[in-house]
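**Q** Take this structure first; my questions come after.
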Amino acid sequence: MGKVIGIDLGTTNSVGALLEGGETRVIISEEGGRVTPSVVGFAKDGTRFVGEIAKRQLLINPQATVHSLKRFIGKRMDEVDGLVGLVTYIVQANEKGMASVRVNDDVYTPQELSALILKKIKTAAEAYLGEPVTEAVITVPAYFTDSQRQATKDAGTIAGLDVLRIINEPTAAALAYVHQRQGKARIAVYDWGGGTFDISILQVDSDIAEVLATRGNNVLGGSDVDHKIVEWLVSVFEDETGVNVRGDTVVMQRLRDAAERSKIELSSTTTSQIHLPFLLSDETGPKHLQATLTREQFEAMAADLFDSTIEECQAAMHDAGISAGDIDEVIMVGGSSRIPKIQTMVEELFGRALNKSFHPDEVVAIGAAVQASILGGDTKAVTLLDVTNFSLGIEVQGSRMAILIPKNTTIPTEATRLVSTVQENQSTVKIHVLQGESDNANDNVSMGQFELHNIQPGARGEPRIEVHFNIDTSGIVRVSAEDSRSGVSDEIEIASPMGLSEQEIATLQEGLDGSNNEELEALRDDVNLHISSLEAKLITKGDQMDVNDVQRINNALADARAALESKEPRELEAAIGTLENHANLFPA
Ligand code: AMP
């Protein structure tokens, strides 16, 4: 078995890690970073570039720059209504009704685009180790549904990785803790990233990490905090200029970018100046945005979001049957946990100083690497006892939900229930699998359904059909049904009706390998990097320049974009040279 790596596939950034000789190590990206932005950019010819380079074109070409994929992975279109306004690209249903991404008239599943990010981390790990990497442990938020977990696993498979285990992010953080410290402790993992919030309470010892309770919100992240600032900036601009910029994608992306920078700045300063020159131009001339945001104002704007994370923490303690004083350590995970107000609120809630010995951006990947090393047989086993976050069951007569596996059950687990027919000689029964807490079937999430045919004829209520649920260590659900008299049976892995079939995954995997002309890809990345840099400079410096120079640069940019279509390395190299020469036209 080669080295198994751990990957934190994040909403904003992704991190790969591994264990070497018992020491944890973050995998450095090709660009030299410890994190890889979870961003995929597209050039006009469909060429894709991933990570840092893609992130740089977000401002210039927002419609063709895909970020926050984790918000959409494994979700149906009707589940993401409130989220599509938070991204710069088009989200639409694919033929199965799943939320998908449209760029330049092509539709992609979040799985296949996430696979590009995973592939980049896999490649960086291979470059570091000097050997192929084919196996991984990938983390997901504790609150990910079965379909989101399955889709994440599929992304790994498309990237050429055998995903040995999907583990919950807070559980991974706890594993990193177990790896570093010996002894018994009850820990709280407060995990607030770019797109999701999770809180988990765990009991750990040197060989066990048991989740006592977990709560969270899949649609509450740092970008929601940014959104509060964006809304404020939109109204400041409207008050000053009378122009509502909500419909302008490029302007909105500049505002989002400025809002995030201001938020991050306010983690270390008490006032932030937001200055966006030439935000837009109309017949009355260019319009600029200038605003000052204080930390106090910012905290008031985002107070409801901050409070709701604290309420989730209280609910988790309630579920675990403990109080704040029973917690020995509080570990902060995710970029948004750096917000000073959050740190104060969490400290006040638990009545103790936060454990700051872990890097909030890396601890989850480190934990995934510990699990990877355990599965690879290189590290002493730690038993992970995780729990289900939703109740699972089936629809029964009267549109009710019968629960087979209640919320907070330790996984892996299984359960069986006998059902029967409601009509004479009924030969088919429908098994409708549900997830949720309501007694009323329609109020819960439908996870899929299947029919069991050829049931042995009999009086109503006579056939005995065993419905069996199984949840594996990755939290993935399988449901089977068997007529005990005839022996006929059927089974589904629950996400497959909506997710990708094995055939589709194989096709996408081939596509990823086929496009792997590494030299051309690297050159195209370089051309794109130069294009983005020139375009960014044109935005900030164009108005101070001679119009002829601006025209020359625009022509060079157009030629470079055309060169991206080429399969000739020499043409791409020439385009890079031309762009470099034109960069000298900008004033210093
Ligand atoms: P993650 O998903 O863990 O990578 O977290 C990314 C989120 O953390 C983004 O919304 C960032 O804007 C936010 N973030 C990163 N650094 C800081 C900081 N110093 N203060 C506030 N938010 C931050």
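The values are calculated or read from the model by the stated rules, or taken from the named source; none is laboratory data. In this text the structure is predicted, and so the values were computed from the model without any measurement. Cβ: placed from backbone, ideal geometry, glycine included. Neighbour counts: every protein chain shown.
**Q** Could you tell me whether any residue of the range 462-480 is at pLDDT 85 or above, part of a loop (DSSP other than H, G, I, E, B), of a type outside the set (S, T, N, Q) and buried (at least 17 other Cβ atoms within 10 Å of the Cβ)? So that I can check it myself, show each step before the final result.
**A** Of all residues in the range 462-480, those at pLDDT 85 or above come to 462-472, 477-480.
Pick out the ones that are also part of a loop (DSSP other than H, G, I, E, B) and you get 462-464, 472.
Of the ones still in play, those that are also of a type outside the set (S, T, N, Q) are 462-464, 472.
If we keep only those that are buried (at least 17 other Cβ atoms within 10 Å of the Cβ) as well, we get 463.
Within the range 462-480, one or more residues are at pLDDT 85 or above, part of a loop (DSSP other than H, G, I, E, B), of a type outside the set (S, T, N, Q) and buried (at least 17 other Cβ atoms within 10 Å of the Cβ).
**Q** Return the residues of the range 317-342 that are within 11 Å of the ligand (Cβ to nearest atom), among the small types (G, A, S) and assigned to a loop (DSSP other than H, G, I, E, B); say none if nothing qualifies.
**A** Result: G334, single match.
**Q** Are any residues in the range 533-574 touching a residue at least 40 places away in the same chain (Cβ under 8 Å) and farther than 23 Å from P62 by Cβ, and if so, which ones?
**A** Looking only at the range 533-574, we keep the residues that are touching a residue at least 40 places away in the same chain (Cβ under 8 Å), and these are 533-537, 539-541, 543-545, 561, 564-565, 567, 569, 572-573.
Scanning the range 533-574 gives Q544, M545, K567, P569, L572, E573.
**Q** Let me ask something additional. Taking the range 267-281 as the search range and keeping residues that are free of Cβ contacts under 8 Å to residues at least 60 places away in the same chain and of a type in the set (A, V, I, L, M, F, W, C), which one is nearest to the ligand (Cβ to nearest atom)?
**A** Step by step, filter the range 267-281, then rank; the result is I274.
**Q** Also, quick follow-up: Mind listing just one residue for me: the one in the range 59-103 that is charged (D, E, K, R) and without any contact (Cβ under 8 Å) to a residue 60 or more places away in the chain and, of those, surrounded by the most Cβ atoms within 10 Å (Cβ to Cβ)?
**A** Residues of the range 59-103 that are charged (D, E, K, R), as a first pass: 70-71, 75-76, 78-79, 81, 95-96, 102.
Subsequent filtering for residues that are without any contact (Cβ under 8 Å) to a residue 60 or more places away in the chain retains 78-79, 81, 95, 102.
Numbers: D78: 9, E79: 19, D81: 10, E95: 7, R102: 15.
Checked the range 59-103; the qualifying residue surrounded by the most Cβ atoms within 10 Å (Cβ to Cβ) is E79.
**Q** Now for a separate question. Could you list, in sequence order, the residues of the range 503-528 that are buried (at least 18 other Cβ atoms within 10 Å of the Cβ) and modelled with pLDDT of 80 or more?
**A** L523, R524, D525, V527, N528
**Q** Which one is modelled with the lowest pLDDT among residues in the range 398-450 that are of a type in the set (S, T, N, Q) and in contact with a Gly (Cβ under 6 Å, 6 or more places away or on another chain)?
**A** Among them, the one singled out is N444.
**Q** Let me ask another. Could you check the range 51-65 and list, in sequence order, the residues that are hydrophobic (A, V, I, L, M, F, W, C) and within 16 Å of the ligand (Cβ to nearest atom)?
**A** A54, L58, L59
**Q** Could you please let me know if M345 is out of contact with any Ser or Thr (no Cβ under 6 Å at 6 or more places or on another chain) and within 13 Å of the ligand (Cβ to nearest atom)?
**A** Values: out of contact with any Ser or Thr (no Cβ under 6 Å at 6 or more places or on another chain): yes; within 13 Å of the ligand (Cβ to nearest atom): no.
Spelling it out, it is not the case that M345 is out of contact with any Ser or Thr (no Cβ under 6 Å at 6 or more places or on another chain) and within 13 Å of the ligand (Cβ to nearest atom).
**Q** Take the range 1-22 and flag every residue that is within 20 Å of the chain's Cα centre (by Cα) and among the acidic types (D, E).
**A** Correct list: D8 only.
**Q** If I go through the range 237-264 residue by residue, how many of them are crowded, with 16+ Cβ neighbours inside 10 Å and hydroxyl-bearing (S, T, Y)?
**A** Matching residues across the range 237-264 total 2.
**Q** Which of (1) among the polar types (S, T, N, Q); (2) more than 30 Å from V133 (Cβ to Cβ); (3) surrounded by fewer than 19 Cβ atoms within 10 Å (Cβ to Cβ) does T379 not meet, given it meets every other one?
**A** (2)
**Q** Also, quick follow-up: Need the failing condition index for L161 against (1) within 16 Å of the ligand (Cβ to nearest atom); (2) buried (at least 23 other Cβ atoms within 10 Å of the Cβ); (3) modelled with pLDDT of 95 or more, just the number.
**A** So L161 meets the others, but not (1).
**Q** Now for a different question. Go through (1) assigned to a loop (DSSP other than H, G, I, E, B); (2) touching a helix residue (DSSP H, G or I) at 6+ places or on another chain (Cβ under 6 Å); (3) more than 16 Å from the ligand (Cβ to nearest atom) and name the single condition G32 misses.
**A** Just one mismatch for G32, condition (2).
**Q** For the range 302-322, name all the residues that are within 30 Å of L233 (Cβ to Cβ), surrounded by 16 or more Cβ atoms within 10 Å (Cβ to Cβ) and over 23 Å from the mean Cα position of the chain (by Cα).
**A** Residues satisfying the conditions do not exist here.
**Q** Can you tell me which of E451, E395, E491, E504 is in contact with a His (Cβ under 6 Å, 6 or more places away or on another chain) and under 30 Å from A99 (Cβ atoms)? I'd like the intermediate steps shown before the answer.
**A** Details: E451 fails: in contact with a His (Cβ under 6 Å, 6 or more places away or on another chain); E491 fails: in contact with a His (Cβ under 6 Å, 6 or more places away or on another chain); E504 fails: in contact with a His (Cβ under 6 Å, 6 or more places away or on another chain).
After applying the criteria, what remains is E395.
**Q** So, in the range 240-266, of the ones that are of a type in the set (D, E) and away from the ligand (no atom under 12 Å from the Cβ), which residue ends up nearest to V66 (Cα to Cα)?
**A** In this case the residue turns out to be D248.
**Q** Within the bounds of the range 433-448, is there any residue that is more than 25 Å from E95 (Cβ to Cβ), part of a strand (DSSP E or B) and over 33 Å from the mean Cα position of the chain (by Cα)?
**A** Within the range 433-448, none of the residues are more than 25 Å from E95 (Cβ to Cβ), part of a strand (DSSP E or B) and over 33 Å from the mean Cα position of the chain (by Cα).
**Q** Quick check on the range 221-236. Is at least one of its residues more than 16 Å from the ligand (Cβ to nearest atom), aliphatic (A, V, I, L, M) and either surrounded by fewer than 22 Cβ atoms within 10 Å (Cβ to Cβ) or more than 17 Å from K263 (Cα to Cα) (or both)?
**A** Taking every residue of the range 221-236 in turn, at least one turns out to be more than 16 Å from the ligand (Cβ to nearest atom), aliphatic (A, V, I, L, M) and either surrounded by fewer than 22 Cβ atoms within 10 Å (Cβ to Cβ) or more than 17 Å from K263 (Cα to Cα) (or both).
**Q** Anything in the range 164-205 that is surrounded by fewer than 24 Cβ atoms within 10 Å (Cβ to Cβ) and within 16 Å of the ligand (Cβ to nearest atom)? List them, or say none.
**A** Listed by number, the list holds a single entry, G194.
**Q** Give the residues of the range 282-295 that are touching a residue at least 24 places away in the same chain (Cβ under 8 Å) and either within 26 Å of D198 (Cα to Cα) or surrounded by 13 or more Cβ atoms within 10 Å (Cβ to Cβ) (or both), sorted by residue number.
**A** Of everything in the range 282-295, those that are touching a residue at least 24 places away in the same chain (Cβ under 8 Å) and either within 26 Å of D198 (Cα to Cα) or surrounded by 13 or more Cβ atoms within 10 Å (Cβ to Cβ) (or both) turn out to be K287, L289, A291, L293, T294, R295.
**Q** Residues to consider are Q290, Q371, Q314; find the one that is away from the ligand (no atom under 16 Å from the Cβ), of a type outside the set (S, T, Y) and in a strand (DSSP E or B).
**A** Exactly one of Q290, Q371, Q314 is away from the ligand (no atom under 16 Å from the Cβ), of a type outside the set (S, T, Y) and in a strand (DSSP E or B), namely Q290.
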